[in-house]
Amino acid sequence: MNSQEETEIKTKPIRKRWLFWLQIIIIIYCGAGIALYYLQDRFLFHPKKLDSSHVFVFDVPFEELKIPFNKTDTMSLVKFFPKDSIRKGVILYYHGNMDNIERYAGFAADFTRKGYEVWMPDYPGFGKSTGERTEDKMYEQAYQVRRLAESAYHSDSVIIYGKSMGTGIAAYVASTSQQRQLILETPYYSIPDLFSHYAFMYPTSYMSNYKIPLWRFLKEVKSPVTIFHGTDDGVIPYKSAAKLKQSFKPSDKFITINEGKHNNLSGFDVYKKAMDSLLQ
């Protein structure tokens, strides 16, 4: 046996091991990608449904509305009111991806004590809102809330506020209407961009069922835009929100909150001072 034959005999087991592990890696990669694709709604949305008979209890005066959207879908909307009868305007609050209105109702007091009504809808499948959830339906229902506000308030008295996942929905509504201003708390560039942070090894732009291109909506918003984002946000990376500056007008502001996390920005003085100015 010559040296070449001996070398080939020795390398065959090595090749087999490499091929074996390569196959394992490919199977894991494909399996995880398939799971990510089919389970992405569960990663993106974490709704908590409520029975239609469920009774809301809030510390702020409120009114509950059940708005028929079509033959099968109903949208749940809660209006929170200031204790004073004088109204400065209305804030349309599009909340995040967790639970339902009950989780976010506590934020309403930050606005009602300043004389604003707060209208907070639940997305399809959240709380008492019924129907299949799709990106287009989320846009349509959010816009209907804006249309309802037109019957009670002039556009100069309407503020659109988005939090977390709801920032994209809020930006869409603001891009299709006139309002006093748009305020976004912890926004993202787009859903595929957000997914790429967690699954950078996959082509998320093709895999994402939801797009919500917030950056594109911002380019169509005529009113002033203010964004709040924390540098220590562990849910939506700061860099994803920072890219939105590319879609800014000269009047728009990006307020960085050092050491701010995803759910604690309202506790920082820089947030409180900026909001006091915005809500004057």
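Quick notes on this structure:
- The stretch 168-280 holds strands (runs of 3 or more DSSP E) entirely within its bounds, and those carrying 1 or more residues that are over 24 Å from F45 (Cβ atoms) and of a type in the set (F, W, Y) map to 253-257.
- Filter pass, E102 being in contact with a Lys or Arg (Cβ under 9 Å, 6 or more places away or on another chain), surrounded by fewer than 23 Cβ atoms within 10 Å (Cβ to Cβ) and either more than 24 Å from M275 (Cα to Cα) or of a type in the set (F, W, Y) (or both): no
- Among the residues making up the stretch 88-112, a single one is part of a loop (DSSP other than H, G, I, E, B) and either without any contact (Cβ under 8 Å) to a residue 60 or more places away in the chain or outside the structural domain of Q181 (by TED's automatic domain parsing) (or both): N100.
- Only one of the numbered conditions (1) assigned to a strand (DSSP E or B); (2) closer than 16 Å to T74 by Cα; (3) charged (D, E, K, R) is not met by E132, and that is (1).
- Residue tally, condition hydrophobic (A, V, I, L, M, F, W, C) and touching a Pro at 6+ places or on another chain (Cβ under 9 Å), over the stretch 247-277: 0
- Checked against (1) of a type in the set (A, V, I, L, M); (2) in contact (Cβ under 8 Å) with a residue 24 or more places away in the chain; (3) touching a strand residue (DSSP E or B) at 6+ places or on another chain (Cβ under 6 Å), L65 meets all criteria but (2).
- You will find that of I227, I212, I257, the residue that is on the phi > 0 side of the Ramachandran plot and assigned by TED's automatic domain parsing to the domain that holds Q178 is I212 and no other.
- For the stretch 134-144, the candidate set comprises residues that are over 14 Å from the mean Cα position of the chain (by Cα) and of a type in the set (D, E, K, R); within that set, the residue that is surrounded by the fewest Cβ atoms within 10 Å (Cβ to Cβ) is D136.
- Lone unmet requirement of (1) of a type outside the set (A, V, I, L, M); (2) touching a helix residue (DSSP H, G or I) at 6+ places or on another chain (Cβ under 7 Å); (3) in a helix (DSSP H, G or I); (4) farther than 21 Å from K211 by Cβ for W119: (3)
- Candidate set: the stretch 207-239, residues that are among the polar types (S, T, N, Q) and modelled with pLDDT of 95 or more; chosen: the one nearest to L279 (Cα to Cα): T226
- The residue of the stretch 65-82 that is modelled with the lowest pLDDT, among those that are surrounded by fewer than 16 Cβ atoms within 10 Å (Cβ to Cβ) and among the aliphatic types (A, V, I, L, M), is I67.
- Selection within the stretch 193-206: residues that are within 14 Å of the chain's Cα centre (by Cα) and hydrophobic (A, V, I, L, M, F, W, C). The member of this set that is modelled with the lowest pLDDT is F195.
- Within the stretch 115-133, the set of residues being closer than 15 Å to I159 by Cα and buried (at least 17 other Cβ atoms within 10 Å of the Cβ) comprises Y116, E117, V118, W119, M120, P121.
The values are calculated or read from the model by the stated rules, or taken from the named source; none is laboratory data. Given the structure is predicted, the values throughout are model-derived calculations rather than measurements. A quick note on method: Cβ atoms are made from the backbone with ideal geometry, for glycine too, and the neighbour counts reach across all protein chains shown.
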